[in-house]
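Working notes, beginning with the structure itself.
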């Protein structure tokens, strides 16, 4: 094999280049020596000590950070819950005044939902997915790190605000107009809107990353239908996040615009509608519940089979059930709005979907029961890593929490069906019955499974075996305390106790029920303390865990050591059967010896294999980025944007946004992409690097569909959901808000609209031409060939941006009516996207100039082309939106 | 109907102590669903524990049958009639048939209820006190002067939100003369807990007298502290 | 069509249609009630809005069942994915019946 032609661009290129093409599968002669291979891979993958930890991008480290940080927020929100229970323990309590109490219950809900539940499962998924899928890391490790910092900073912002006494106080669903400026004049609501949006960036980036990782970063041979079921769960969840979170992001931005600039999106005096907020919030809020439940269910579907020693029963039915659940969960949101006076027919639609979701839930529950029923009669070693296996105990600690899950979640599911029934909900809505129900569902459907998952994967994550009666004691305290706290709330609620009251009179008859709740909640808190202390003791003094302690059947246990090394696998396995029926014990030593795909260390590259989506055929070698401070700096700059917005220093916000942009432009630099590594003579099979086991694969920089293109596709889904929510919101207002049509209809000049349409079409055409030109050119000529088209695309986008600005300037004052405010929002969306299109064109020009683009390496041009291809139809819809809005408003106004 | 209206589930705001046909239907729905849910809960937990503790016996049921029976054949025959009953009941509750209703308007504001009786010229507005006739449907039309509130008289029936910029409606019936508690159910600010009102149901013939203007009860301003 | 796109369509097509029908029925009903379109009783005493609300799920159901037939004949999927796709499409057909049967019966507007 000949060496690929290359340009020496990086400082280490000389040193590594010799190794690059030298050996086919064993360039450094390490293949059969696991220790040498381990050392070589560690040098490449390890995160440095001290401050360099801040540069960590490794999924094991970032995943752990997500989980630990989430647990800290759990402790904070749990403490707030204790304060709530102290307040409500006795009638006419004076422990907290109502304003403070409002901050406490708002923060309890907000922190538990946004800063505990979502980041915890994101962290677990990030930690587990590459290991389960047989990859070395997530697809975009820097995105993981950036998402983590955004989460940490956004969460810290909320907590600091609370400590400063400026926490939001409108309840975790922030209903307008209570959260609007006149009724929440302080900074608290802004903290919520901006802080949560900041954290949502992290959720969207995690969703993109999880989807792309599952779709293409799997072990060779792991086709979709061989994937462990946890990957199906996370794929579904991530897809739901892409569609479910944008409505909330949009709602938050609109509400912040109303609070800061007086754009009346939710103000009925200006053609807005408080119900628009409720629709946007619950359009996010209900899928959110399933987004939290499904990862936990995925953990159950993974660990119950391990306990049973059998594969999951009904794998296909379970996958079908969870996809069905994902869809149904988007048809439930109005069941939070039964009392808003909608027609019964509308309510009935949502009631039907809400009850129907019980079916896929039941399918999963009975699949788990069926798996348990098929349990191997003689458990033997799977009794777990406890030193003297307690023979009398029928279940391990994880299975104890699985019992907690069954008991609590089934009850929560049953009350959920009750609440889906309109006439009953009209009584129970907004009472403590709902408080009971949601805690049964979330603690049953998330916390107990996550505790089970925690005990199950503790040996993997920490390398420590877990022993202990303390864990069992902790479980029973939490279980008893939980039921004591929340079961009685069903009754308290039906006896008329509304949510969020800070005090109640003795004549209500609620006092002893509340006292029972409060006392039990302290039992539960003690249980959590026991679990925490036990976990800390295990970390400090626990025995070292043995490999694959549970005799599991998935790849995460085939890592070479516990906890896993930073490179995860020394070689990637070839999968030839279902990946939830493997034998990690047999696979691990082979992989550690480098017997598998990419069992090599070369060029200082962090390599993993990318496969085809459906069949799992190896398709490319993905070279992952090294540890870097860029995510930290970018997140800090992003934080500066949000802080400037919070304190209304808008020039600083724009400046910080530019810094974010410049930092992001520094991300794509990857020295391997500065040359055509695979440009070998066609006779040699062309375009490939040796990957071991006789495989030759192109680098991702030269592959037709590299991971970055997948990421843009996923982002486009989220972006489309955002635009759809905005257009839905506008049409909703035009149709049913008071004060429509506006007294003076906002007339837009025709010229800029036509200009924008033509400019976008031109930019799209130019972007296509750029790719074709580069494809035809040879070597460095690509730069010269594609540059004119890139300049044209840049010009087209700038023209579209200018046209959007022209149209916005032509609108009547935005504060006077929601009609122009909505049109302005849509045009700002379009203008921003044209701006990003321009940035992508500048990026392409820069990369052309620096030689990162050739006929084979066209990712920068492909990103630009994909962006313009999506922007053109979206832009035409936005440009047609004013006419749609007007037609609908006039039709509604003409109604009898 | 077990337990309804007796013993420990009572109280001035208890939905389990109904005093009107709609609240009674809702309470009956609750007790029925509770019985069914309890049975289902016991069944699912028993099956789970059986599979967990006696796998050698439970293994004789093939997985396919577990999933098909438990996941499809168990819930669907319960959900379908429940859903149909809910629609019929919903129609009855939201649109009770009967005589021409007595009309009242209610304006919610932080943190009081202002009731007026447009159909009864000369009737005084009342604050946090609603006069209605017993045994006749009452249609309350709600508006809000500030934020979202929710109008709820648990012993008579369900809630309806008072939303700024909109008018919402609810029809309620009280069986007998008496006093019933009402409460704002949607969080509406620091005075939410005490945004309560009293409903006085009068015999038809005594209603006019109750509605006669009384020179008192000025309309409170929003700045006023919650009444307590 | 790439293999990935075919899998996506096979798995999500049925419930995608359900979601589309759901959105159209909900939005169409709201729009009809707000604009007053199609409320007057037409020929045979049926309001045109009602006809639209019934036709949408009926059309969705027909398309879903057609999709199920295609899947039955095998759509070039791996066997386990093919079963999952059939289960999902069948479930989507059931869900369409379950969620929309009453649009023919309940009063159209007014709460």
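Only the coordinates and a few stated rules stand behind these numbers; no lab work does. All values derive from a computational prediction rather than experimental measurement. Positions of Cβ are generated from backbone atoms using ideal geometry, with glycine treated the same way; all protein chains shown enter the neighbour counts.
Once R0 is set to 51 Å, what does the formula 1/(1 + (r/R0)^6) return for the Cβ-Cβ distance between residue A:260 and residue B:198, expressed as a FRET efficiency to the nearest 0.05?
Values: r = 41 Å, r/R0 = 0.81.
After rounding, the FRET efficiency stands at 0.80.
Which FRET efficiency value, to the nearest 0.05, is calculated for residue B:208 and residue A:745 with the Förster distance at 60 angstrom and r the Cβ-Cβ distance?
Plugging the Cβ-Cβ distance into 1/(1 + (r/R0)^6) gives 0.75.
When only Cα pairs under 8 Å and 6 or more residues apart are kept, what is the percent relative contact order across segment B:102-211?
Normalised by residue count, the contact order of segment B:102-211 is 29 percent.
In nm, to one decimal, how far is the residue A:810 label point from the residue A:883 one, both placed 7 Å along Cα→Cβ?
In this crude label model, residue A:810 to residue A:883 measures out at 1.4 nm.
Identify the residues of segment A:321-355 with backbone N under 17 Å of a label point that sits 7 angstrom from the Cα of residue C:23 along the Cα-to-Cβ direction, or state none.
Hits in segment A:321-355 for residue C:23 at 17 Å: A:326-334, A:350.
Counting alpha carbon pairs within less than 8 Å and at least 6 residues apart, what relative contact order, in whole percent, applies to chain A?
Reported as a whole number, the value is 17 percent.
What's the FRET efficiency of residue A:51 with residue A:846 using the Cβ-Cβ distance as r and R₀ = 35 Å, to the nearest 0.05?
0.70
For the Cα atoms of chain C, what angle does the longest principal axis make with the long axis of helix C:79-100, in degrees from 0 to 90, nearest 10?
10
Please list the three semi-axes, largest first and in whole Å, of the ellipsoid equivalent to segment B:102-211, using sqrt of 5 times the eigenvalues of its alpha carbon gyration tensor. List each step's numbers first, then the result.
Working: eigenvalues 96, 40, 30 Å².
In descending order, the three semi-axes are 22, 14, 12 Å.
What is the percent of Cα-Cα separations in segment A:58-541 that go past 30 Å?
Of all Cα-Cα distances in segment A:58-541, 46 percent exceed 30 Å.
What is the helix-to-structure angle for B:21-53, meaning the angle in degrees between its Cα long axis and the longest Cα principal axis of chain B, kept from 0 to 90 and rounded to the nearest 10?
30
Consider a paramagnetic label point 7 Å from the Cα of residue C:75 along Cα→Cβ; state which residues of segment C:14-39 have an amide N under 17 Å from it.
Inside the label zone: C:14-21.
Find the relative contact order for chain B and round it to a whole percent, using C-alpha pairs within less than 8 Å whose residues are 6+ positions apart.
Reported as a whole number, the value is 21 percent.
Sticking with the crude label model, points 7 Å out along Cα→Cβ, report the distance from residue B:85 to residue A:97 in nm, one decimal please.
Output for this residue pair reads 5.0 nm.
Label residue A:72 and residue C:46 with points 7 Å out from Cα along Cα→Cβ: what is the distance between them in nm?
Spacing of the two 7 Å Cα→Cβ label points: 6.3 nm.
If you take the Cα Rg of segment B:21-94 and divide it by 2.2 N^0.38 Å, with N the number of residues, what do you get?
This ratio for segment B:21-94 stands at 1.48.
Using Cβ contacts closer than 10 Å as the measure, can you line up A:541, A:728, B:197 from fewest to most?
Placing the least packed residue first, the sequence is A:541, A:728, B:197.
Counting other beta carbons within 10 Å of each Cβ, put A:351, A:346 in order, fewest first. Please list the in-between numbers first.
Numbers: A:351 27, A:346 21.
If I rank by nearby Cβ atoms, fewest first, I get A:346, A:351.
Please report A:790, C:109, B:188 as a ranked list, fewest other C-beta atoms within 10 angstrom at the top and most at the bottom.
Exposure proxy ranking, most exposed first: C:109, B:188, A:790.
Any chance you could tell me what percent of the C-alpha pair distances in the protein assembly as shown go past 65 Å?
Summing the P(r) tail past 65 Å for the protein assembly as shown gives 8 percent.
Under a GNM of chain B (C-alpha, springs under 10 Å), which listed residue has the highest mean-square fluctuation: B:12, B:177, B:63?
The residue with the greatest mean-square fluctuation here is B:63.
With no solvent and one point on each alpha carbon, what is the Debye value of log10 I(q)/I(0) for segment A:545-690 at q = 0.21 Å⁻¹?
-1.24
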